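Comments concern the structure below.
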Amino acid sequence: MTRKKPDPVLTRTASRETAAVEMTAFGVVQGVGFRPFVFRLAERFGYRGWVKNIGRGVEIHLESEKPADFGRFLAALESEKPPLARVEKIGVRPARALGCRFFEIRKTTGGPSFVFISPDIATCANCHREILSPAERRYRYPFTNCTDCGPRYTIVRSLPYDRANTTMAGFSMCADCRREYEDPRDRRYHAQPIACPVCGPQLTLREARTGRVSPGGIDEAARLIRAGKILAVKGLGGFHLVCDPRSASALRELRRLKERQTKPLALMARDLATIKEFAFLGPGERRELMSASRPIVLLRKKKDIPEVAPHLDEIGFMLPYTPLHHLLLERLGLIVATSSNRKDAPIAKDEGEGIASLCDFVLTHNRPIASRADDSVMKLLDGRPLFVRRARGYVPHPQRVPVELESDAQVLALGGELKDTVSVYKNGYVVTSQFLGDLDEYRNFRYFEETVAHLERLFDVTPGVVVSDLHPEFRTTRYARASGLRHIAVQHHFAHVLAVLIEHGIPAGQKVLGVAFDGYGYGEDGAAWGGEFLLADYLGFERIARLKPVPLPGGDAAAREPARMALAYLRDAFGDKLPELEPFRGVERKKIRLVLEMMEKGINSPLTSSCGRLFDAVSFLAGAAPPRVEFEAEAPMRLEAVSRRRARAGYPFEADLTAVPWEVSFAPAIREIVREVRKGAGAARIGPKFHRTLADAVTAVALKARDVHGVDTVALVGGVFLNRPLVSLARTFLQDKKFTVLMPEKYSPNDESLSLGQAAHALARLAL
Ligand SMILES: [Zn+2]
Ligand SMILES: [Zn+2]
């Protein structure tokens with residue numbers, strides 16, 4: 001947003017007549033406390049007039065009988081705006097004075113609107129102070145909130161955003177709360193979830209097995225956690241499972257209940273000082289940890305806490321984001337706070353969902369959750385955020401689409417299957433849902449259906465077009481086909497690339513080189529893609545290069561067993577004469593023979609160009625990953641964890657530029673890695689060199705693509721680009737060669753962003 005300096009409209013001084021201006025602000029200015037903010041500002045300046053919502057913006061009419069400097073008002077409007085407001089454009093024009101007698105907030109009028117609904121916001125400093133102050137009536141009240149903070153997305157049931165349409169509907173305000181709610185000068189003016197100990201939600205502590213109520217509330221809950229018990233604690237978007245990270249037996253029990261032996265667990269710490277004891281904190285990390293969205297931030301370990309994030313060099317921390325968390329952490333300092341889901345189900349949002357079987361005690365409350373949302377997870381890379389999971393605190397922030405893609409149609413995009421999200425498009429904005437999990441699980445699919453309905457209701461969307469992945473067998477694709485709506489299917493990696501383009505506002509028609517590296521996506525030819533170089537704009541793409549395909553012995557099973565992928569890559573590099581290697585000691589001979597035979601005979605061994613699977617193979621060969629892992633990216637993450645050093649040079653690779661598409665083969669690298677392994681080299685030596693090799697390969701293809709296609713912008717996407725050393729190296733090498741490098745910053749590079757990219761392609765098609 002730009003603003004000219006001396007503006008005759010703004011500095012108009014009335015001699016006898018009253019000075020008046022009209023301002024219009026567009027962007028995210030509705031439902032974020034903007035009108036009461038303008039009200040208070042106008043009172044401060046002594047202006048009269050009104051503020052009201054119009055279409056996609058806010059209209060402000062200002063009058064002053066005294067000489068007025070509306071420029072100062074405008075400056076304050078920009079610099080002091082509510083934390084969630086995003087002003088994209090402000091217009092100012094002279095107006096006729098109407099002789100207003102006071103300043104007022106008027107009712108909304110006309111125009112196609114995009115009504116914003118706020119994400120949940122962490123407890124603000126004012127509310128935090130209040131709950132710690134014995135003189136306040138909200139002293140130690142766990143549901144304290146105000147216009148600047150508190151639950152939003154997770155409690156809204158439908159539009160408009162009024163208390164009656166939230167899960168606070170069942171609580172009628174007491175006289176004191178009502179007074180605050182109705183006073184435009186109060187910080188709780190129109191705070192829909194307003195509550196106090198007299199009229200608001202209440203906590204209950206229950207024994208899980210018997211359901212018996214335990215007295216003592218938060219104090220007793222803290223005591224139980226300290227005593228090594230596991231508690232389910234109801235937060236904003238669902239229950240956390242909580243325990244003391246210093247209790248080895250509690251951690252073991254938690255892992256047993258969740259059926260997760262190695263998956264990292266998140267920690268919640270009282271304050272930054274506590275986090276600093278265990279992890280390294282840069283300024284970016286501090287900023288994100290303290291932000292109103294309060295994500296889990298992955299930090300480099302300083303002092304390990306055994307069993308919390310085994311085999312990794314990063315550990316996830318968050319700060320308290322509700323008064324309940326603050327009060328609990330005040331007593332405990334540090335807790336494990338992990339999402340309360342079983343392997344095949346979404347985060348639990350009420351006690352009826354089997355939460356009692358996962359814990360010893362339940363600390364719950366009677367404010368229902370309208371929409372589940374997991375904690376968001378991010379890390380910082382070269383100072384920029386990189387989302388591992390985007391959910392609570394960020395959803396449902398809208399994404400503006402480039403003007404050329406705007407459409408009157410409303411669109412529903414369904415994403416893929418793993419790590420899914422859905423997106424809706426309406427009136428210039430795409431809203432992407434929270435992370436929904438893996439939809440091959442029945443209960444997660446219900447969560448998907450729940451969320452589609454929730455978003456459609458919240459944003460008043462009646463889709464005319466539905467978009468899915470190209471995969472014919474995904475549940476989401478079948479859902480799209482069954483909808484009876486116009487159905488557009490979008491290739492997986494193409495959707496990945498478009499998500500980055502739309503986030504960065506790349507105009508329609510501009511071509512970029514999208515480097516999409518991930519585990520698996522259904523290709524246009526039906527094959528398993530995952531190491532793709534796409535020349536793309538919103539309308540279409542050409543696959544100009546790929547990683548050389550190798551067999552995926554056993555299909556899906558190969559993603560859980562890095563040893564299988566290692567055999568596939570060894571066979572590719574050495575043919576029939578496979579070398580004897582140390583890491584295979586842990587694998588049965590019979591199993592090795594079986595996997596090799598599968599590939600030879602072509603049984604259940606589709607070809608894949610997956611970069612994720614290449615990582616699996618190398619991680620196993622280097623000795624960083626076991627033959628079998630628990631979760632999909634575990635092997636690459638373990639290799640990344642030992643790749644802190646920078647290698648001076650990478651391994652050799654081959655690029656076949658006569659093939660269509662061009663083909664990058666890492667067979668020479670695999671041969672070199674094998675040679676080093678036999679000489680006793682470990683993962684700490686091989687890891688950094690391998691990361692560098694991949695970055696070299698990306699750069700080589702980009703240079704060739706520039707020669708042949710004249711493309712100067714490279715987008716790096718797909719789950720593989722959550723890898724710190726790879727992103728750092730690839731970005732540096734590409735920028736050294738004067739490429740513009742685009743990375744996702746507001747959305748995850750993994751499959752969570754597919755629905756956003758799918759929506760972008762559908763809009764481009766609709767704009768034809
Ligand atoms: Zn507050
Ligand atoms: Zn009250």
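The values are calculated or read from the model by the stated rules, or taken from the named source; none is laboratory data. What you see is a predicted model; the values in this text were computed from it and never measured. Neighbour counts are summed over all protein chains in view; Cβ atoms, including those assigned to glycine, are modelled from backbone coordinates with ideal geometry. Note: areas computed on protein heavy atoms with side chains; ligands, DNA, RNA excluded. Shrake-Rupley method; radii C 1.70, N 1.55, O 1.52, S 1.80 Å.
Some notes on this structure:
- For the stretch 438-484, a tally of residues being among the hydrophobic types (A, V, I, L, M, F, W, C) and touching a residue at least 60 places away in the same chain (Cβ under 8 Å) returns 5.
- Screening the candidates Arg560, Arg546, Arg564 for the property of being over 25 Å from the mean Cα position of the chain (by Cα) and open to solvent by 40 Å² or more (accessible area, probe 1.4 Å) yields one hit, Arg546.
- Test: Arg287 is assigned to a helix (DSSP H, G or I) and at pLDDT below 95: no
- All positions within the stretch 292-303 that are modelled with pLDDT of 95 or more and either over 21 Å from the mean Cα position of the chain (by Cα) or assigned to a loop (DSSP other than H, G, I, E, B) (or both): Ser293, Arg294, Pro295, Lys301, Lys302, Lys303
- Restricting attention to the stretch 140-172, the residues that are within 15 Å of ligand 2 (Cβ to nearest atom) and of a type in the set (Phe, Trp, Tyr) total 3.
- From the list Gly464, Gly416, Gly509, the lone residue that is over 30 Å from Gln30 (Cβ atoms) and open to solvent by 30 Å² or more (accessible area, probe 1.4 Å) is Gly509.
- Given (1) part of a loop (DSSP other than H, G, I, E, B); (2) surrounded by fewer than 18 Cβ atoms within 10 Å (Cβ to Cβ); (3) modelled with pLDDT under 95, number of the condition Pro346 does not satisfy: (2)
- Applying the condition of being within 13 Å of ligand 1 (Cβ to nearest atom) and not hydrophobic (A, V, I, L, M, F, W, C) to the stretch 126-141 and asking which residue is surrounded by the most Cβ atoms within 10 Å (Cβ to Cβ) yields Tyr141.
- Condition check for Leu241: outside any loop (DSSP other than H, G, I, E, B), modelled with pLDDT of 95 or more and more than 16 Å from ligand 2 (Cβ to nearest atom): yes
- Pairs, first under 13 Å from Pro193 (Cβ atoms) in the stretch 125-153, second among the polar types (S, T, N, Q) and more than 16 Å from ligand 2 (Cβ to nearest atom), C-beta under 6 Å, six or more apart: Cys149/Thr123; Arg152/Ser118
- Matching residues in the stretch 124-139 - criterion: being away from ligand 2 (no atom under 16 Å from the Cβ), part of a helix (DSSP H, G or I) and either among the aliphatic types (A, V, I, L, M) or under 30 Å from Ser433 (Cβ atoms) (or both): Ala125, His128, Leu132
- Restricting attention to the stretch 197-218, the residues that are at pLDDT below 95 and open to solvent by less than 20 Å² (accessible area, probe 1.4 Å) add up to 0.
- Residues being away from ligand 1 (no atom under 16 Å from the Cβ), in a loop (DSSP other than H, G, I, E, B) and either surrounded by fewer than 18 Cβ atoms within 10 Å (Cβ to Cβ) or on the phi > 0 side of the Ramachandran plot (or both) - total across the stretch 167-196: 5
To keep it simple, each residue is scored yes or no on (1) at pLDDT 95 or above; (2) surrounded by fewer than 22 Cβ atoms within 10 Å (Cβ to Cβ); (3) in contact with a strand residue (DSSP E or B) (Cβ under 9 Å, 6 or more places away or on another chain); (4) not aromatic (Phe, Trp, Tyr).
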{"site": "Gly354", "(1), (2), (3), (4)": "no, yes, no, yes"}
{"site": "Asp360", "(1), (2), (3), (4)": "yes, yes, yes, yes"}
{"site": "Asp375", "(1), (2), (3), (4)": "yes, no, yes, yes"}
{"site": "Met378", "(1), (2), (3), (4)": "yes, no, yes, yes"}
{"site": "Glu404", "(1), (2), (3), (4)": "yes, yes, no, yes"}
{"site": "Val430", "(1), (2), (3), (4)": "yes, no, yes, yes"}
{"site": "Asp440", "(1), (2), (3), (4)": "no, yes, no, yes"}
{"site": "Glu450", "(1), (2), (3), (4)": "no, yes, no, yes"}
{"site": "Leu458", "(1), (2), (3), (4)": "no, no, yes, yes"}
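- If only residues of the stretch 99-125 that are open to solvent by 80 Å² or more (accessible area, probe 1.4 Å) and at pLDDT below 90 are counted, the one that is nearest to Ile60 (Cα to Cα) is Arg106.
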